[in-house]
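Below you'll find the structure, written out as structure tokens, and then a few comments.
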Amino acid sequence: MLERGDPGCLGGRALEGGANFAVYASRAERVELCLFDAHGNATGSFDLPGHDDGVWHGFFPGLSAGQAYGYRVHGPHDPKAGLRHHPGKLLIDPWARRLSGEVRWDPSLFDTDPSDSAGAMPRSLVTAPGEGAGPVIRRDDSGRIPWSEAVVYETHVRGYTMRHPGLTEAERGRFKGMANHQVLDYIRALGVTHVELMPVHSMVDEAFLSARGLRNYWGYNSIQFFTPAARYGGEDPVVEFRDMVNAIHDAGLEVILDVVYNHTGEGGEDGPTLGFRGLDNLAYYRTLPGDPSTYINDTGCGNTINADHPRVQELVTASLEYWHRDMGVDGFRFDLAPILGQTATGFRTDHPLLRAITTTPGLRNARLVAEPWGPGPGGYRLGEFPPGWSEWNDRYRDTARRFWRGDAQQLAPLASRIHGSSDLFDRPGRGPLASVNFITSHDGFTLSDLVSYKRRHNHANGEDNRDGHSHNYSCNHGVEGPTDRGATLALRRRHRLNLLTTLLLSQGVPMLLAGDEFGNSQGGNNNAYAQDNETGWLDWSGLDHDPEFVQLVRALIRIRRRQPLLRQPEYVHGQVDEAAAGKARYIDWFNVDGEPMAAGDWAHSRAVMKLLSGQGNELALLVNGHDFEARFVLPGGGWVCEFCSDARQYPGQNDRFDAPAWSMTCLVRG
């Protein structure tokens with residue numbers, strides 16, 4: 001019944017007259033196509049007849065879109081040699097565009113167990129090329145939001161919507177919730193431009209979490225790179241994801257998707273066999289030289305994707321193109337991105353996979369953002385990604401935290417970060433927009449917890465509080481955790497605003513963690529990856545407790561939007577003349593007396609003024625990290641206070657400004 005198919009049409013595709021199946025399994029002796037009915041019952045099993053360049057393929061006449069299937073791979077099962085074929089394990093198709101069901105933990109998933117795993121596995125579904133996977137994506141690439149205007153808002157589909165007061169039960173925790181007009185009206189009114197969603201690829205909860213009654217809430221455990229996770233959808237996750245993207249676009253926002261191509265949810269050598277391992281273990285994963293039985297674990301998650309293999313490179317780039325073109329995603333944040341440039345001898349900026357992602361025509365308009373570090377040897381690569389990429393800047397995070405908590409010798413590093421981290425990114429093809437600045441992210445304390453806890457409180461994760469960052473550069477301001485002391489609460493609030501003022505008035509691309517604008521807390525848990533509950537979900541009551549704080553954050557974002565001097569695409573050191581345009585831009589640093597900063601000022605002071613001028617405007621940023629008021633001498637008069645983290649109103653200034661203790665101020669003239 002099965003005929004030879006098209007080996008270049010990977011996945012299960014409905015074509016004229018039937019369906020084509022093609023899967024890469026270079027060490028297999030035969031590959032069995034297993035068909036299932038709508039209830040999950042097996043209806044037939046057929047060997048794929050074609051085998052070309054490691055791809056097994058076949059054409060099945062009469063099959064159509066929606067047909068459920070999986071693969072069983074026959075071949076050597078020799079774990080010591082890195083060969084993990086086991087026909088008793090039903091495998092996911094890595095190239096499928098849809099899955100039905102989710103992984104259910106069962107001993108049969110492991111290749112040390114001889115029993116059949118079909119009852120615990122999702123089914124792959126045949127799809128037609130360009131089939132109606134939902135409405136056409138509405139996006140005008142000519143009207144893209146310039147990266148210089150970006151304010152990124154990191155959030156989680158489930159965490160953002162589970163406790164939102166305006167959503168129905170059917171919307172909570174799902175793509176439908178993120179598409180709700182009340183949610184998007186709020187995000188748009190905040191003033192951000194890009195919604196960065198934490199991972200939504202089909203994923204699996206680790207077995208050890210399931211045994212504790214927990215889930216992998218964050219989702220950094222993908223098992224398939226084309227399909228959206230069933231947990232965030234209802235009847236059709238693909239349609240609902242596309243509907244969500246269209247709603248976000250209609251709100252004038254763009255979507256950045258956090259993607260995890262550095263490892264898979266199959267874990268270490270003793271992990272489950274779900275797809276990649278059973279198809280071609282040595283092609284998809286990196287193993288120790290001379291010991292193919294042992295995975296290289298540069299990710300800390302048990303395995304590491306083999307970025308050197310051409311089929312892995314093809315899979316990753318095709319996945320990205322699909323999410324960009326067909327699912328409407330505007331850009332990607334790459335988890336543990338150095339893995340994608342990792343070879344057997346170390347990281348390469350010109351790695352074929354990084355080069356493919358950067359140059360593939362189908363990704364030409366996509367924003368590319370790297371998390372430029374990983375736990376493996378040589379994994380920290382901040383500032384080393386190619387032109388066209390931006391990078392999460394953890395040095396920005398740490399410096400801002402250290403300065404505002406009162407650490408010594410932090411004024412000069414803070415000035416460098418405010419200036420866009422030129423020490424890291426000032427090289428050909430790059431500039432301030434390569435730096436994605438942030439104070440907090442999903443990984444670590446929320447902003448409220450950063451100023452309320454000195455130590456992590458992660459006991460609920462079941463790891464005896466050993467997990468999560470131990471060096472947080474946090475400060476509890478005298479009391480660990482919640483307090484009713486008015487002075488402590490006021491100081492914490494001031495420092496939250498100082499940190500956000502720094503973030504939103506710095507050169508580079510700012511990223512705000514959702515909920516920080518209204519004081520969301522995780523109770524001191526700085527690693528809430530397993531807290532799919534009220535610890536990890538946003539508590540929207542903060543909007544009622546301190547509505548003025550949200551208004552202040554909105555005001556900061558408006559200032560950033562109004563002031564191009566805060567959003568420079570290239571570095572300015574001293575004065576830059578642009579004679580052709582009849583313009584000049586200028587930047588310099590002054591002490592409180594209005595004199596250029598000297599070495600002693602940088603070493604011993606905690607106050608500085610950054611003066612920017614150009615395009616007919618002048619702007620002064622006054623930083624006062626002292627615990628006392630600092631009187632700044634200003635260059636001339638006519639200055640107007642646009643914003644002060646002291647949150648009081650200040651009249652127009654002449655040639656002096658008394659900056660309150662622990663404050664940051666923005667003055668404008670022109």
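The values are calculated or read from the model by the stated rules, or taken from the named source; none is laboratory data. Only a predicted model underlies this, so the values are computations on that prediction, with no experimental measurement involved. Every residue, glycine as well, gets a Cβ built from its backbone with ideal geometry; the counts of neighbours run over all protein chains shown.
Worth pointing out:
- Test for H85: is it more than 22 Å from D205 (Cα to Cα) and free of Cβ contacts under 8 Å to residues at least 60 places away in the same chain: no
- Of the residues making up segment 487-508, at least one is under 20 Å from the mean Cα position of the chain (by Cα) and small (G, A, S).
- Where a residue in segment 295-312 is without any contact (Cβ under 8 Å) to a residue 60 or more places away in the chain and of a type in the set (F, W, Y) and its partner, wherever it lies, is surrounded by fewer than 22 Cβ atoms within 10 Å (Cβ to Cβ) and in a loop (DSSP other than H, G, I, E, B), with Cβ under 7 Å and at least six apart: Y295/G268; Y295/E269; Y295/G302
- Within segment 628-670, strands (runs of 3 or more DSSP E) holding 3 or more residues that are buried (at least 20 other Cβ atoms within 10 Å of the Cβ) and at pLDDT 95 or above: 663-669
Results for (1) within 20 Å of T161 (Cβ to Cβ); (2) crowded, with 20+ Cβ neighbours inside 10 Å, shown as yes or no for each residue.
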| site | (1), (2) |
| --- | --- |
| L450 | no, yes |
| D467 | no, no |
| E480 | no, no |
| R485 | no, no |
| L491 | no, no |
| L504 | no, yes |
| G524 | no, yes |
| Y529 | yes, yes |
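- Taken across segment 290-302, residues that are within 15 Å of H263 (Cα to Cα) and among the hydrophobic types (A, V, I, L, M, F, W, C) do occur, with at least one present.
- Boolean, S115 is in contact with a helix residue (DSSP H, G or I) (Cβ under 7 Å, 6 or more places away or on another chain), modelled with pLDDT of 95 or more and in a helix (DSSP H, G or I): no
- Complete set of residues in segment 416-459 that are of a type in the set (F, W, Y) and touching a helix residue (DSSP H, G or I) at 6+ places or on another chain (Cβ under 7 Å): F425, F438
- Looking only at segment 151-174, and only at residues there that are under 17 Å from the mean Cα position of the chain (by Cα) and closer than 19 Å to N246 by Cα, the one that is surrounded by the most Cβ atoms within 10 Å (Cβ to Cβ): H156
- Criterion: farther than 23 Å from P292 by Cβ and in contact (Cβ under 8 Å) with a residue 40 or more places away in the chain - qualifying residue of A65, A38: A65
- The test for being modelled with pLDDT of 95 or more, assigned by TED's automatic domain parsing to the domain that holds E391, part of a helix (DSSP H, G or I) and touching a strand residue (DSSP E or B) at 6+ places or on another chain (Cβ under 9 Å) does not hold for L512.
- Taking the criterion of being part of a helix (DSSP H, G or I) and under 18 Å from L368 (Cβ atoms), the residues of segment 431-447 that qualify are P432, L433, A434.
- Residue match in segment 95-104 (condition: of a type outside the set (K, R), within 16 Å of R30 (Cβ to Cβ) and in contact (Cβ under 8 Å) with a residue 12 or more places away in the chain): no
- Meeting the requirement of 2 or more residues that are farther than 30 Å from D78 by Cβ, the strands (runs of 3 or more DSSP E) wholly within segment 281-370 are 331-334, 367-370.
- Out of G271, G331, one residue alone is buried (at least 21 other Cβ atoms within 10 Å of the Cβ), farther than 27 Å from H86 by Cα and not hydroxyl-bearing (S, T, Y). It is G331.
- Just one of the listed residues (G44, G70) is part of a strand (DSSP E or B) and surrounded by 17 or more Cβ atoms within 10 Å (Cβ to Cβ), namely G70.
- R456 surrounded by 16 or more Cβ atoms within 10 Å (Cβ to Cβ), assigned by TED's automatic domain parsing to the domain that holds D539 and part of a helix (DSSP H, G or I): no
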